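I have placed the structure first, in the form of structure tokens, so that the comments after it can refer back to it.
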Amino acid sequence: MILGLGRKLLRLSRRLSVRVVMMAVLALVGTAAAPLLTGIIPDGLTERFGRDAVLPVLDILASSMLAVTTFSLGVMVQAFHTASGQATPRAFRILVQDSTTQTVLGTFVGSFLFALTAIVMYRAGFLSPESSVVIALLTGVTITLIIVAILRWIAHLSRLGSMDHTLDLCERAAAEALGDAAREPGFGAYATDEPVPGDGHPLAASQTGHVTSIDIDSLDSVLTERDATLWLTVRPGDFVLAGQSVGVTDRKVDDEELRGGILIANAREQEQDTRFGLTVLAEIGARALSPGVNDPGTAIDVIKRQTRLLWDHARAERTEPLHRTTRIRIAPQDPAALLSSAYDMVIRDGADRIEVMDEMLRALQRIASCEDPGLAGAARNKHDYAVRQARAAIDFDEDRERLDRRAAEL
């Protein structure tokens with residue numbers, strides 16, 4: 001239950017609006033609490049930090065932070081749209097969760113609301129002379145936060161919207177999902193290849209869309225109460241149709257009680273979807289190989305990033321226990337699906353480019369030597385697929401000889 005709540009809070013914290021509201025609430029609470037602290041303020045400070053000393057600073061903060069926030073929002077939106085246009089539209093869902101951008105904008109909005117609220121309370125007569133000392137202290141803290149935020153924003157703007165920044169964020173999102181999958185292959189459920197009972201009671205999907213996440217704790221609570229077991233037939237990222245079976249229970253359980261634990265939305269999300277980040281990177285690599293872009297260097301960079309992700313996933317420590325409940329069974333991640341999501345698009349679009357296929361075969365040969373036998377076997381199969389694609393697309397004899405030499409290394 002605690003882990004499930006933690007994931008929900010983490011999901012909320014990645015939304016820009018939530019971070020802005022949190023900063024704004026902290027600013028409002030600080031301003032409202034100022035009159036409660038007046039009893040501990042020395043008289044000397046009251047004379048030094050009066051209304052006339054604080055109000056001009058608050059006026060400057062209120063006017064400047066509104067302008068800075070508006071400008072920063074415009075820059076953010078323009079940069080993200082430009083980046084998604086250069087990379088892939090799916091990258092936008094990852095870009096908007098950039099923590100640095102969210103924190104900076106939250107600081108700017110929170111500072112504006114703090115200053116505005118303090119000014120209103122001064123004009124309305126709610127703040128005594130003693131309260132001015134507290135407001136002055138909060139103003140100093142706010143100015144410090146603004147300076148730090150501006151310095152971070154300046155450094156961040158130099159990369160915001162660039163291809164490297166987009167690739168970094170996509171790789172980081174994929175690494176988080178793959179890391180979680182290595183620690184809990186079933187997301188807390190029991191990952192097993194055992195067959196689904198043919199005489200069970202099917203659980204129908206509530207709507208058409210992608211399975212974005214599975215709340216194992218919520219499902220386990222219902223199943224424990226009903227003394228039932230659930231075999232899930234979908235994983236996060238799968239596309240389902242309304243009414244289609246997403247699982248089977250050994251006892252009759254009301255679908256509505258279980259549907260809340262299987263979240264379905266129109267678009268995929270990277271939190272539990274191990275293939276989404278890999279797919280976004282692959283789309284960036286495929287787009288770079290299109291005739292209109294013609295950037296094989298980016299495609300090679302994508303191959304290296306994909307290889308690093310899969311290699312680290314194969315070497316990740318598998319700790320016990322790997323599941324929190326045995327009432328929910330789910331099929332483990334198919335290694336072949338991971339390899340297909342990562343490489344297929346780049347293999348097909350770059351099959352006629354020897355420099356791209358040379359790097360692709362080298363990557364697959366490395367993964368074929370990893371510690372995960374399932375991933376290693378899938379890499380060998382994908383290696384053969386890539387060789388066949390390249391031989392069908394490359395006509396120049398010297399390039400074909402280079403391809404054959406690289407292929408023979410496996």
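The values are calculated or read from the model by the stated rules, or taken from the named source; none is laboratory data. All values reported here derive from a predicted model rather than from experimental measurement. As a convention, Cβ positions derive from the backbone with ideal geometry for all residues, glycine included, and neighbour counts pool all protein chains shown. Only protein heavy atoms, including side chains, enter the accessible area calculation; ligands, DNA and RNA are left aside. Shrake-Rupley method; radii C 1.70, N 1.55, O 1.52, S 1.80 Å.
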Can you find, within region 187-205, the residue that is nearest to Glu271 (Cα to Cα) among those that are in a strand (DSSP E or B) and open to solvent by 60 Å² or more (accessible area, probe 1.4 Å)? Tyr190
What is the residue count in region 223-252 for residues that are touching a helix residue (DSSP H, G or I) at 6+ places or on another chain (Cβ under 8 Å) and in a strand (DSSP E or B)? 3
Could you say whether any residue in region 74-88 is more than 14 Å from Ser162 (Cα to Cα) and at pLDDT 85 or above? yes
Lone qualifier among Leu58, Leu73 - being of a type in the set (A, V, I, L, M), open to solvent by 60 Å² or more (accessible area, probe 1.4 Å), touching a residue at least 12 places away in the same chain (Cβ under 8 Å) and part of a helix (DSSP H, G or I): Leu73
Whichever residue in region 244-270 is under 21 Å from Ala83 (Cα atoms) and either modelled with pLDDT of 90 or more or in contact with a strand residue (DSSP E or B) (Cβ under 7 Å, 6 or more places away or on another chain) (or both) and, among such residues, is most open to solvent (accessible area, probe 1.4 Å): Glu269
Subset of region 206-217, residues small (Gly, Ala, Ser) and either modelled with pLDDT of 90 or more or in a helix (DSSP H, G or I) (or both), comes to Gly209
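Among the residues of region 360-374, write down those that are outside any helix (DSSP H, G or I) and in contact with a Phe, Trp or Tyr (Cβ under 8 Å, 6 or more places away or on another chain).
Just the residues of region 360-374 that are outside any helix (DSSP H, G or I), to begin with: 368-372.
Cys370 - this is the single residue of region 360-374 that is outside any helix (DSSP H, G or I) and in contact with a Phe, Trp or Tyr (Cβ under 8 Å, 6 or more places away or on another chain).
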Please tell me if Asp220 is within 17 Å of Glu271 (Cα to Cα) and in a helix (DSSP H, G or I). no
Within region 91-182, considering only helices (runs of 4 or more DSSP H) that don't extend past its boundaries, which have at least 1 residues that are surrounded by 18 or more Cβ atoms within 10 Å (Cβ to Cβ) and of a type in the set (S, T, N, Q)? 99-123, 129-157
Within region 223-243, residues modelled with pLDDT of 90 or more and within 25 Å of Asn266 (Cβ to Cβ) come out as Leu230, Leu232, Thr233, Val234, Arg235, Pro236, Gly237, Asp238, Phe239, Val240, Leu241, Ala242
Region 293-304 residues that are among the β-branched types (Val, Ile, Thr) and at pLDDT below 95, paired with ones that are outside any helix (DSSP H, G or I) and surrounded by 19 or more Cβ atoms within 10 Å (Cβ to Cβ) (beta carbon under 7 Å, 6 or more apart): none
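Among the residues of region 367-379, are any hydroxyl-bearing (Ser, Thr, Tyr) and either surrounded by fewer than 16 Cβ atoms within 10 Å (Cβ to Cβ) or more than 30 Å from Ala182 (Cβ to Cβ) (or both)?
Scanning region 367-379 turns up at least one residue that is hydroxyl-bearing (Ser, Thr, Tyr) and either surrounded by fewer than 16 Cβ atoms within 10 Å (Cβ to Cβ) or more than 30 Å from Ala182 (Cβ to Cβ) (or both).
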Tabulated pairs, region 375-394, first assigned to a helix (DSSP H, G or I), second of a type in the set (S, T, N, Q) and open to solvent by less than 40 Å² (accessible area, probe 1.4 Å), C-beta under 7 angstrom, 6+ apart or interchain: His383/Gln365
Out of region 206-243, which residues are out of contact with any His (no Cβ under 7 Å at 6 or more places or on another chain), surrounded by fewer than 14 Cβ atoms within 10 Å (Cβ to Cβ) and farther than 16 Å from Arg329 by Cα? Gln207, Thr208, Glu225, Leu241, Ala242, Gly243
Answer from Arg327, Arg353, Arg308 - the residue that is open to solvent by 30 Å² or more (accessible area, probe 1.4 Å) and under 13 Å from Leu178 (Cα atoms): Arg308
